[in-house]
Every structure is written in structure tokens, then in C-alpha cells.
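Read through the structure below, which is laid out as C-alpha cells, and then see the notes.
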Amino acid sequence: QITYRGGEQYEPDFVVETADARFVVEIKADNEMEDPDVLAKARAAVIWCRHASDHTSTTDGKRWRYLLIPDHAVAENMSLDGLAREHERGVC
């Protein structure tokens, strides 16, 4: 769970681990992408990923990354790398 807005908590849709990174992934409808609640969660998740990456820099070195993906972008021909290039929110 990730804490945002002074104490509220949410669970991301997915956590994905690859050989060299871990991703916190949120998929939202197009009309939700600029919703204040979604953006507050995104800001909190980016901060969470930075802290987690700081920790993993002393352990396995896998960086945490946050992706906020509009649902129209999810398709059979998309790879995680492609989605990450298009939808990563800040460097963690």
C-alpha cells in the first residue's frame, strides 16, 4: 500500500518485476488520467519508488519505476518496455 494525501492509502493495480527493474503500474481510463485523485496517487507512488530505489541500491540494485498507463495503450502488441518508454512518470 502507498500512502497519499496525508494518510489515505491505495494499492496499485500491478507490481511487475523484470531482470533489472521493478514497476508499480496503474492503468486508468482515458477520462481519469488528469483526475486530481489519480494524480495525487501518482505523485505519492513516484516518491515511494524513489525511496524503494534508494533502498534497493544497497541490496539487489533493481530500480523501482512508476507507470501511469491509459487503458487505450494496453494492447497485445505492446511490450512492458514500450509502455514504460511512453508512460513512466518521473525517474525513480
Matching residues in segment 33-56 - criterion: being closer than 22 Å to GLU86 by Cα and open to solvent by 80 Å² or more (accessible area, probe 1.4 Å): GLU34, PRO36, ARG43, ILE47, TRP48, ARG50
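For every residue, the table says whether it meets (1) among the acidic types (Asp, Glu); (2) in contact with a strand residue (DSSP E or B) (Cβ under 6 Å, 6 or more places away or on another chain).
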| position | (1), (2) |
| --- | --- |
| HIS51 | no, no |
| THR59 | no, no |
| LEU68 | no, yes |
| ASP81 | yes, no |
| ARG85 | no, no |
Within segment 77-92, how many residues are outside any loop (DSSP other than H, G, I, E, B), within 12 Å of the chain's Cα centre (by Cα) and free of Cβ contacts under 8 Å to residues at least 60 places away in the same chain? 3
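I want to confirm something. Restricting to segment 17-31 and keeping residues that are exposed (fewer than 15 other Cβ atoms within 10 Å of the Cβ) and of a type in the set (Asp, Glu), which single residue is nearest to the chain's Cα centre (by Cα)?
Within segment 17-31, the match that is nearest to the chain's Cα centre (by Cα) is GLU17.
The values are calculated or read from the model by the stated rules, or taken from the named source; none is laboratory data. Here the structure is a predicted model, which means the values were calculated and not measured. Neighbour counts are summed over all protein chains in view; Cβ atoms, including those assigned to glycine, are modelled from backbone coordinates with ideal geometry. Note: accessible area is taken over every heavy atom of the protein model, side chains too, but ligands, DNA and RNA are not part of it. Shrake-Rupley method; radii C 1.70, N 1.55, O 1.52, S 1.80 Å.
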